[in-house]
Amino acid sequence: MERHETAGVRENDRFNMASVFKVPILVELFHQASEGKIALDERVEWKDPGRYFGSGVLQAMRPGLNPTIHDLATLMIIVSDNGATDQLLARVGKANVNARLRALGLTKTSVDAGTREHTLEAFGLRDPKYKDFTPADVAGFDFQAHEAEIERNQREALRDCHNCSTPSEMSQLFEKIVSGLAETRLRLMTCWEFSRSSSSINVSRASCPSGSASRTRPVPSRTPSGS
């Protein structure tokens, strides 16, 4: 990245982002936080854990838990929590996420659905009558009896390419985050908070910028790699 060199295979083709679509949500969240529209220490009530599919830990938590917005963001990135993701996306708004992507010059990247919608699409359950399906409903659904409908819906989902991007644009987005062009506060948080808590994200602290991640905790200046 320091040499501004690139290499790619089908780098301008659109592909489904899978859980990487959570990164644009995080960018917009920190943009809104920087403008004072969202307070990261605000608490929200966790409800309906049985509605969410796939990865995460909130689904195992009892209703009534009150995580902060910061907590939800941490869970979304470190453990790819789908419940936290959908709560944050509902809060920041899909239109705002996509407007932020356009402002960053990313025209082929879009966030069109939360994890619930996206999972139901993958199952071929696109009809509005399925919109409130839970994992339990899906487990009990007779897919064989609806095979033609399911296959048609899955073909349509591939054609529509919801939550898609290109390898080139995702690389650009990560470069903007690391360089501070997306959200400086996001870069600081990624370097100093998320990475120290996650074995799956190997971010060198030497790559973190000078400055402070918060007003009370300074971030040391750049040091050589390996220090």
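Annotations for the structure displayed:
- Tail fraction, Cα-Cα pairs, the range 70-170, threshold 20 Å, whole percent: 49 percent
- Dividing the Cα radius of gyration of the range 117-160 by 2.2 N^0.38 Å, with N the residue count, gives 1.05.
- When the alpha carbon gyration tensor of the range 1-67 is reduced to an equivalent ellipsoid, the three semi-axes, largest first, read 33, 20, 9 Å.
- Computing FRET efficiency as 1/(1 + (r/R0)^6) for ALA18 and ALA90, where r is the C-beta to C-beta distance and R0 is 25 Å, gives about 0.80.
- Its residue count N fixes a reference of 2.2 N^0.38 Å for the range 35-92, and the Cα radius of gyration divided by that reference is 1.04.
- Taking label positions 7 Å along the Cα-Cβ direction at both VAL57 and HIS146, the computed distance is 3.4 nm, reported to one decimal.
- Estimated at 0.36 nm per residue, the fully extended path between THR6 and ALA39 surpasses their Cα-Cα distance by 8.2 nm.
- Taking a ≥ b ≥ c as the square roots of the eigenvalues of the Cα gyration tensor, the range 1-141 is classed as oblate, since a/c reaches at least 1.5 and a/b does not exceed b/c.
- Packing, taken as the mean count of other beta carbons within 10 Å per residue, orders the peptides 5-16, 70-81, 161-172, 130-141 from highest to lowest as 70-81, 161-172, 130-141, 5-16.
- Pair-distance distribution P(r) for the range 56-127, from all Cα-Cα distances in 5 Å bins starting at 0: 3, 15, 20, 22, 21, 13, 5, 2, 0 percent.
- Placing dummy labels 7 Å off each Cα toward the beta-carbon, the span from THR134 to THR107 is 4.5 nm.
Since every read-out is calculated from the coordinates, none of them should be taken as a lab result. Worth saying up front: this structure is predicted, and the values here are computed from it rather than measured. Heads up, the Cβs are rebuilt from the backbone with ideal geometry, glycines too, and the neighbour counts pull from every protein chain shown.
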